[in-house]
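For reference, the structure is listed below as structure tokens.
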Amino acid sequence: MNLDLTDLKTVKSLLTYYNVAAQKNLGQHFLIDKAALEQMLKAANLAKNDFVVEIGPGFGVLTFPMAELAGRVLAVETDKKVLDILKALGSGYPNLDILPSNILKLDSRYIHDRYTTWSKIKKGATQYKLVSNLPYYITSAILKLFLETDLPPDLIVVMVQKEVAERIVAPPGELSLLGISVQFFGEPEIMAQVPKTSFWPKPEVDSAIIRIKPFKQPPHKITDTKTFFRIVKAGFGERRKQLHNSLSGGLWLDDAMVQQVLSGIGIDPKTRPQDLSLEQWAKIYHQFKTLIK
């Protein structure tokens, strides 16, 4: 495949030839920046023993370079018209599998099973990676799908909205439910910022590349993640409220008792949920898990 898919003229020519239009409702913004593409590939650090999953490959601007570097690439695409172009352009890559499907309707175990089947025929250790320029509107759902599982990838490298990336890596003081939801399962890091001019059609916001290294085991000895996040969601139910108010209201507990328990583990009941660290949320979980129904 000799086409330069970061070239805007090439992208427009393909759209015209195949009579296709960019579907903004599907979050289709074509990457037209070679430097950003190289930054994605560098962050993914691909090798021939890697099985890579890509969501929303579009015309293959990231897909085909990954197929040249990795052992196997599974590209999941839901747009039927884009699929025809991807299949035509990617016909020369025997290690590329194109899966016509909505990723949110798939079980993450199915994806992992594809990796397991491939890894059995490879010699030596293999790695399972998720590398994608994610459609903005499904970012949280995708991260949930691939992190909240007992079979997560070994590495996740995704391009997301800059604001979302900043929320994901935020420290205590700026933590959100999204940040905790990612940091509980892995270690996130912003690798590069990508301006909105790197895409066509140009989105309204800038993007960032984040790399997440999922933990092998959840930290802080939390075995019941459902209850943990029930408590955290209650805490963030009303961000501007003091912690004791949001917990007592969200968990239907006596406020005086909540204040006493929080004080007993060294947490000021008047603090705001965004000011707590993950370690402090773990302390709250261990104290409250037996108090809620």
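The values are calculated or read from the model by the stated rules, or taken from the named source; none is laboratory data. The shown structure was predicted, so the numbers you read here are calculated from the model rather than taken from an experiment. Don't worry about glycine lacking a Cβ; one is built from the backbone with ideal geometry, like all the others, and counts go over all protein chains shown. We work out accessible area using only protein heavy atoms, side chains counted, and drop any ligands, DNA or RNA first. Shrake-Rupley method; radii C 1.70, N 1.55, O 1.52, S 1.80 Å.
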Q. Do we have any residue at all in segment 189-206 that's loosely packed, with under 15 Cβ neighbours inside 10 Å and over 29 Å from Leu5 (Cα atoms)?
A. no
Q) Within segment 105-127, can you find the residues that are under 21 Å from the mean Cα position of the chain (by Cα) and open to solvent by 80 Å² or more (accessible area, probe 1.4 Å)? A) Lys105, Asp107, Arg109, Tyr110, Asp113
Q) Restricting attention to segment 2-35, which residues are of a type in the set (Ser, Thr, Tyr), open to solvent by 20 Å² or more (accessible area, probe 1.4 Å) and part of a loop (DSSP other than H, G, I, E, B)? A) Tyr18
Q. If we scan segment 36-43, do we find a residue that is open to solvent by 10 Å² or more (accessible area, probe 1.4 Å), basic (Lys, Arg), farther than 20 Å from Gly92 by Cα and at pLDDT 95 or above?
A. yes
Q | Within segment 248-287, considering residues that are open to solvent by 70 Å² or more (accessible area, probe 1.4 Å) and outside any helix (DSSP H, G or I), the one nearest to Thr227 (Cα to Cα) | A | Trp252
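For segment 204-223, which positions are assigned to a strand (DSSP E or B) and of a type in the set (A, V, I, L, M, F, W, C)?
Matches in segment 204-223: Ala208, Ile209, Ile210, Ile212.
Among the residues of segment 156-203, which ones are of a type in the set (Val, Ile, Thr) and part of a helix (DSSP H, G or I)?
Taking segment 156-203 first, the residues of a type in the set (Val, Ile, Thr) are 156-158, 160, 164, 168-169, 180, 182, 190, 194, 197.
Val164, Ile168, Val169, Ile180, Val182, Thr197, listed by residue number.
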Q: Output the number of the condition that Ser248 fails; it satisfies all remaining conditions of (1) within 32 Å of the chain's Cα centre (by Cα); (2) closer than 24 Å to Pro219 by Cβ.
A: (2)
Q: Give me a count of the residues in segment 91-125 that are closer than 19 Å to Leu41 by Cβ and polar (S, T, N, Q).
A: 1
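How many residues are without any contact (Cβ under 8 Å) to a residue 24 or more places away in the chain and either buried (at least 20 other Cβ atoms within 10 Å of the Cβ) or among the hydroxyl-bearing types (Ser, Thr, Tyr) (or both) when one looks only at segment 78-97? Show your work before the answer.
Initial filter on segment 78-97 (without any contact (Cβ under 8 Å) to a residue 24 or more places away in the chain): 80, 83, 87-88, 91, 94.
Filter once more, so that each one left must be either buried (at least 20 other Cβ atoms within 10 Å of the Cβ) or among the hydroxyl-bearing types (Ser, Thr, Tyr) (or both): 91.
The number of residues fulfilling the criteria is 1.
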(Q) Give all pairs with beta carbons closer than 9 Å in which a residue from segment 59-71 that is under 16 Å from Ala36 (Cα atoms) meets a residue that is among the polar types (S, T, N, Q) and assigned to a loop (DSSP other than H, G, I, E, B); count only pairs at least 6 apart in sequence or on separate chains. (A) Val61/Thr6
Q: Among the residues of segment 128-153, count how many are touching a strand residue (DSSP E or B) at 6+ places or on another chain (Cβ under 7 Å) and either open to solvent by less than 50 Å² (accessible area, probe 1.4 Å) or free of Cβ contacts under 8 Å to residues at least 40 places away in the same chain (or both).
A: 13
Q | Every residue from segment 207-217 that is touching a residue at least 24 places away in the same chain (Cβ under 8 Å) and either surrounded by fewer than 17 Cβ atoms within 10 Å (Cβ to Cβ) or among the aromatic types (Phe, Trp, Tyr) (or both) | A | Lys213, Phe215
Q: Just give me the residues in segment 23-57 being touching a residue at least 40 places away in the same chain (Cβ under 8 Å), in contact with a helix residue (DSSP H, G or I) (Cβ under 7 Å, 6 or more places away or on another chain), among the hydrophobic types (A, V, I, L, M, F, W, C) and within 19 Å of Pro195 (Cβ to Cβ), in sequence order.
A: Phe30, Leu31, Ile32, Ala36
